[in-house]
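Novice: Before I ask anything, let me first share the structure, which is written out below as structure tokens.
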Amino acid sequence: MSEDDTNLLEFLEQIDFALSLRFREKWRYKYSTYFISIFQERLLKSMTDSKPIKKSTLVTLFTKKHKYDNHVVVEFFDDIDIELYFPVIN
């Protein structure tokens, strides 16, 4: 297996985990089930539309539409290492 194949496999496993119930269970106590659901729905929408989502768009979604504090959103991104989701989230 080539390095590109390995990287692709790791990326797909990361996406699979982010959309899983295990992911929701892991983070729901710190961020709430609703918060995690919003993230998972956006991630899934991005995948089904084959259109990447900007990190800034996610921040705006959480802070403006759902009224979460910016600090909470940034902390969540740090906790899940949002960079692992590139190119779906850029």
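Novice: Please count how many residues of segment 64-81 are surrounded by fewer than 16 Cβ atoms within 10 Å (Cβ to Cβ) and on the phi < 0 side of the Ramachandran plot.
Specialist: 11
Novice: Looking at this structure, is residue 89 surrounded by 16 or more Cβ atoms within 10 Å (Cβ to Cβ) and at pLDDT below 95?
Specialist: yes
Novice: Any residue in segment 25-52 that's under 20 Å from residue 12 (Cβ atoms) and at pLDDT below 95: show its pairings with residues that are in a helix (DSSP H, G or I) and basic (Lys, Arg) at Cβ separation under 9 Å, as long as the two are six or more apart or on different chains.
Specialist: Correct list of pairs: 51/45.
Novice: Are there any pairs, at least 6 apart or on different chains, whose C-beta atoms fall under 8 Å, with the first in segment 77-90 and under 16 Å from residue 13 (Cβ atoms) and the second among the aromatic types (Phe, Trp, Tyr), and if so, which?
Specialist: 80/27; 84/11
Novice: Can we say residue 88 is in contact with a Ser or Thr (Cβ under 7 Å, 6 or more places away or on another chain) and of a type in the set (Val, Ile, Thr)? Write out each step before concluding.
Specialist: Details: in contact with a Ser or Thr (Cβ under 7 Å, 6 or more places away or on another chain): yes; of a type in the set (Val, Ile, Thr): yes.
Criteria met by residue 88.
Novice: Still on this structure, I have one more. Tally up the residues in segment 18-60 that are within 17 Å of residue 89 (Cβ to Cβ), surrounded by fewer than 17 Cβ atoms within 10 Å (Cβ to Cβ) and among the aliphatic types (A, V, I, L, M), please.
Specialist: Qualifying residue count for the region: 4.
Novice: While we're looking at this one, here's another question. Name the pairs whose Cβ atoms lie under 6 Å apart, with the first residue in segment 1-15 and within 15 Å of residue 86 (Cβ to Cβ), the second of a type outside the set (Phe, Trp, Tyr) and part of a helix (DSSP H, G or I), and 6 or more positions between them or separate chains?
Specialist: Qualifying pairs under 6 Å: 14/84.
The values are calculated or read from the model by the stated rules, or taken from the named source; none is laboratory data. Just so it is clear, the model here is predicted, and its values are computed rather than measured. We place every Cβ from the backbone using ideal geometry, glycine too, and count neighbours over all the protein chains shown.
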